[in-house]
Each structure stands twice: as structure tokens, then as C-alpha cells.
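Undergrad: Below is one structure. I have some questions about it.
The values are calculated or read from the model by the stated rules, or taken from the named source; none is laboratory data. Quick caveat: nothing in here was measured; it's all calculated off a predicted structure. Counting neighbours? That spans all protein chains shown, and the Cβs are built from the backbone with ideal geometry, glycine included. The accessibility values were calculated without ligands, DNA or RNA, using every heavy atom of the protein model including side chains. Shrake-Rupley method; radii C 1.70, N 1.55, O 1.52, S 1.80 Å.
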Amino acid sequence: MNILVAKTPADAEQIAYTLIKERLAGKREFVLGLATGSTPVGMYKMFKQDQLDCRHVTSVNLDEYIGLAPSHPQSYYHFMEERLFNDVPFKESHLPRGDAKDPDAEAERYEQLVRSIGVDLQLLGIGENGHIAFNEPGTALDAKTHVTALTESTREANRRFFNASEEVPTHAITMGLDTIMNAREIVLVATGDRKANAVHHMIESVPSVDWPATILQAHPSVTIVLDTEAASQCAQALQARGSEAAARFFSIRS
Ligand code: GLP
């Protein structure tokens, strides 16, 4: 794991955005895995401000709520249109269909699609309970794209986007941990102190289903971009990695 710690959330977003931009540059074709949640919002603004050319880029999103049609204001489809796709044209964009009649069949279709096109770089956030995409604690480490029940803590964390608790969906279709691990490169961004415990486990705990993000320790090309608050419970571990890691405590503005 390559771990970068920026001073502020904005600096962390800028670092991750710059990394993605560098990877896209000069490529004729690129498959970019995208995420939702509040963490990538600042990065998507940077795509827009920069007028980043994504006409050669195919995007695949991690997950979608079951029961929400693409037009629903809280669907991830709608989120992506509003935050990115309406302003930055992509070659093609894919998300699972949350309103599919047979969600299991939709999960299978999406798994085949993602496998067949192959993800060059997957952007990730992390949930407070250590989930990535919607792979909640207890998910098998070799899970493919599947239908999952959301934990109460995840529903509560996402409650802020809905008018009432009852409106927060109970299930989602999500790329599995194995699907995500198949990406050639992974960039995970976490900011704020509410992520500090999950980040601590992701970096320092033995990989297990209790903290799904721990599986990333086994990926050959992962960059974790944190701000100082998200990194606050792993300062000792980062220092123990020696001067190389210490040198990575930086702000892009300094
Ligand atoms: C949801 C998404 C995840 C995301 C997580 C954290 O559960 N399915 O992909 O990483 O929220 O969201 P936020 O960035 O808002 O903290």
C-alpha cells in the first residue's frame, strides 16, 4: 500500500484527482471505476473545472440502491449524472440497474460486464464500518457482484441524503470484493475523523471479513490518500514504516 497523507480534505482530493488525470493522459482507451458518497464530490468538481477530456474513458460505478429508479434523486445513477456526467462527456458509463425486476440476474449481468471490459483504475471511498462499495462486514473476501442487505450503521450514515429514515433503501447491488480486487490499480480516498477507525483497521488489521477494506492490503497497486484526521489513528504505524512513509506526510500546497 502506498499511503499519502495530506493536510486537508481538499489537498487529499487534489492529490487523488491529479493521480487519476495522469493515468488518463495519453491513453486511447481507459476504463475508470467510479464511486459515490460525499468523498469523491470534490474530485468530480475538479474534472468539471478542468474540462478534463474523458471522451475516451468508459466508466463503471461500484454500486446502486435496489428499488430506486435511475430518475430517483438519491439513486447513484442520478448522483453521477448531476455530479459528473452532465458536464463531462464519457465514452460510455455503466451502473447496475437498481430497478431491475430480478436484482440477482442484474448483479450477474453487471459482474460479466465489468469482467469483460476490465477496470484500469478503481476509485474508492470507505464506510465508517470499513465497507468498500457496499461490501459490508461479513462479506466473503471472494464475493463477486451481488445483492446485499445494508447494515443499520450504513443506512444511518447515508440517512443524511434522504428525507426520512424509512426512505433509505435496505438493499443494494454492489461489485464484490473480488470484482474490485480485479482492477489493475486502486485509489482509495478517506477524509475526516469519522473515517479514522476504519482507516486504522484497513492499514493495520490482519485481513478479515470483519473489516472488508483490509483485503486491499493484498492488492499489488493501491494508493490510499488520507487527510490528517483520517490518518490520526495510524500515525504510529506510518512512522514505523520508516522515513519513506514519514516523507509522505505532506501538503501539496507546502
Ligand atoms: C456508501 C458507498 C461507498 C462509499 C461510502 C462512504 O456506502 N456505497 O462507496 O465509500 O458510502 O461515503 P462517504 O464518502 O459519503 O463517506
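Undergrad: Give the long-range amide H neighbours of LEU34: residues separated by 5 or more places, or on another chain, with amide H under 5 Å away, using H modelled in the peptide plane at 1.01 Å from N.
TA: VAL60, ASN61, LEU62, LEU123
Undergrad: Quote to one decimal, in nm, the extra length available between ARG184 and ASN2 on full extension: 0.36 nm per residue of separation minus the C-alpha distance between them.
TA: Gain on stretching ARG184 to ASN2: 64.1 nm.
Undergrad: Using only the alpha carbons of the chain, determine the length spanned along each of the three principal axes and report them from longest to shortest in whole angstroms.
TA: 54, 40, 35
Undergrad: So what J values fall out for the stretch 213-219 if you push phi through Karplus, 6.51 cos²θ - 1.76 cosθ + 1.60 with θ = phi - 60°, rounded to Hz, Gly and Pro as x?
TA: 5, 4, 4, 5, 4, 8, 7
Undergrad: Let me ask you something else. Using helices alone, I'd like the mean residue ellipticity at 222 nm for the chain: each DSSP H run of four-plus residues gives -39500 (n - 2.57), total over residue count, nearest 500.
TA: That comes out to -8000 deg cm²/dmol.
Undergrad: In sequence order, what are the phi-derived ³J(HN,Hα) couplings for the stretch 132-141 according to the Karplus relation 6.51 cos²θ - 1.76 cosθ + 1.60 with θ = phi - 60°, rounded to whole Hz, with x for glycine and proline?
TA: So the J values, rounded to whole Hz, are 10, 6, 10, 7, 6, x, x, 5, 4, 5.
Undergrad: State the extension gain, in nm to one decimal, for the chain segment bounded by GLN217 and HIS78, taking 0.36 nm per residue of separation less the distance between their alpha-carbons.
TA: 46.8 nm
Undergrad: In debye to the nearest 20, how big a dipole does the chain give about its Cα centre with +1 on each Lys and Arg Cβ and -1 on each Asp and Glu Cβ?
TA: Roughly 760 debye for the chain.
Undergrad: Over the chain, what is the percentage of antiparallel beta bridges among all DSSP beta bridges, to the nearest 5?
TA: 25
Undergrad: Can you sort TYR77, TYR17 by 1.4 Å-probe accessible area, starting with the largest?
TA: Of TYR77, TYR17, the descending order of accessible area is TYR77, TYR17.
Undergrad: Right, something else. Sort LYS101, LYS48, LYS195, LYS27 by heavy-atom solvent-accessible area, probe 1.4 angstrom, most to least.
TA: The ordering from most to least exposed comes out as LYS101, LYS27, LYS48, LYS195.
Undergrad: With point charges of +1 on the Cβ of Lys and Arg and -1 on the Cβ of Asp and Glu, referenced to the Cα centre of the stretch 2-253, which listed residue (HIS94, GLY37, ILE186) lies farthest in the positive direction of the dipole?
TA: Result: ILE186.
Undergrad: Hey, can you grab everything whose amide H is under 5 Å from the amide H of ILE3? Only 5+ residues off in sequence or another chain; H modelled, so Pro and N-termini drop out.
TA: ILE224
Undergrad: Can you tell me the relative contact order of the stretch 2-253? Whole percent, Cα pairs under 8 Å, sequence separation 6 or more.
TA: 26 percent.
Undergrad: For the chain, with a Gaussian network of springs between Cα atoms less than 10 Å apart, report the residue from ALA218, ALA143, ALA183 with the top mean-square fluctuation.
TA: Judging by the Gaussian network model, the answer is ALA218.
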